[in-house]
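Below you'll find the structure, written out as structure tokens, and then a few comments.
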Amino acid sequence: AACGNSDTGDTGGGDDNIVLGFSQVGAESGWRTANTSSIKAAAAEASIELKFDDAQQKQENQIRAIRNFIQQKVDVIAFSPVVESGWDTVLKEAKDAGIPVILTDRAVDSADKTLYKTFLGSDFVKEGRLSGEWLVEHTRSATGPVNIVELQGTTGSAPANDRKKGFAEAISANPNLKIIASQSGDFTRAGGKQVMEQFLKANPDIDVLFAHNDDMGLGAVEAITAAGKTPGKDIVIVTIDAVKDGMQALADGKFNFIAECSPLLGPQLMDLVKKIHAGEQVPARIETEETTFTQEQAKEALPNRKY
Ligand code: GZL
């Protein structure tokens, strides 16, 4: 749609029909499906025409979708990049076509910050750090080594890189805390279960699991139980996201701590789309507000959780 032409008979919310092209990572986790629901609901609420593509966690599918959006001359492009690297070429094509780009959820490592208008999403280093700080506190009285296994998110993704970094920095405060194994479970339940099975076979005395998202933690709970151990007791479990199934596991004592990562970015995204389409300035970085949960806090929060 041509940008900037004003409708004479406009009876809507004052905006001409804005077309937004959105490339989504996939549907790999409860977080992702909640994020997709938030984006679709907010687009409808804002009367923004949404062209939505699910990339099934493949970067080449996202690049193809963005090129299609450029061909279709959408007004704005937004996407959650499955991995951090390899975006400069297609983002330059969007810039040359005069189509503004918004990053949501995950970031890219492009040096050229003019390739996108803003990045709306969580601080993943902070999420990793909060997880580690809770564990340092929880294991304060430990006199010997505390063996940690880590289920990393999708290899090369910003949340995996940053959560790992923040967690490692925080646990360095206690030399007893040691990561004895660390591997990607690709943010899925199946991946978490598969890798946890391997961890359990190779390491007889695991004390803690740090999983980069609830879904991998839930998969790991199946493997831990099958190995005859009690999740949340024999193996302390710390995860990130706070989706409903994760919060239920926390309330049930199978998890011990969750750092929240809110997927409800839809309303803020649509507000940004309207502002950018109207040529207004927007902040280069908008950080999602979120908190953390213990088992007690999960019990209290569960009835009101939106996702
Ligand atoms: C984080 C998001 C991650 C979630 C996972 O913002 O990118 O991807 O933590 C999801 O559950 O798969």
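Every number here is computed from the coordinates shown, using simple stated rules; none is lab data. This one's a predicted model, so the numbers in the text were calculated from it and none came from an experiment. Here the Cβ positions follow ideal geometry from the backbone for every residue, glycine too, while neighbour counts run over all protein chains shown.
So here's what we get for this one:
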| read-out | value |
| --- | --- |
| Computed Rg/Rh of the chain, alpha carbon atoms with Kirkwood Rh | 1.03 |
| Integer Hz, Karplus 6.51/-1.76/1.60 couplings in order for the stretch 61-78, x for Gly and Pro | 6, 5, 4, 5, 4, 5, 5, 5, 4, 5, 4, 7, 6, 5, 7, 9, 10, 10 |
| Cα-based helix-to-principal-axis angle, 189-202 vs the chain, degrees rounded to 10 | 30 degrees |
| Cα long-axis angle, helix 124-138 against the chain (0 to 90 degrees, to the nearest 10) | 20 degrees |
| Hz values of 3J(HN,Hα) by residue in the stretch 48-53 - Karplus curve (6.51, -1.76, 1.60), Gly and Pro given as x | 9, 6, 9, 9, 10, 10 |
| Relative contact order (%) - criterion: Cα under 8 Å, at least six apart; region: the stretch 25-149 | 17 percent |
| Amide H contacts of Asn213 (H built 1.01 Å from N, under 5 Å, at least 5 apart or other chain) | Ile240 |
| From phi via Karplus (6.51, -1.76, 1.60), per-residue ³J(HN,Hα) for the stretch 91-99 in Hz, x at Gly/Pro | 6, 5, 4, 5, 5, 5, 7, x, 9 |
| Residue order, fewest to most beta carbons within 10 Å, for Lys193, Lys229 | Lys229, Lys193 |
| Within a Gaussian network of the chain (alpha carbon springs, distance under 10 Å), most fluctuating of Leu200, Leu265, Leu250 | Leu200 |
| Selection from Gly128, Ser172, Asn213, by position along the positive dipole direction of the chain (Cβ) | Ser172 |
| Two-site label geometry, Asp123 and Lys165: point separation in nm, points 7 Å out along Cα→Cβ | 1.3 nm |
| Per-residue [θ]222 nm for the chain (sum of -39500 (n - 2.57) over DSSP H runs n ≥ 4, rounded to 500) | -12500 deg cm²/dmol |
| Sequence of Met270, Met196 once ranked by neighbouring C-beta atoms within 10 Å, starting from the fewest | Met270, Met196 |
| Whole-number percent relative contact order across the stretch 153-299, with pairs defined as alpha carbons under 8 Å at least 6 apart | 17 percent |
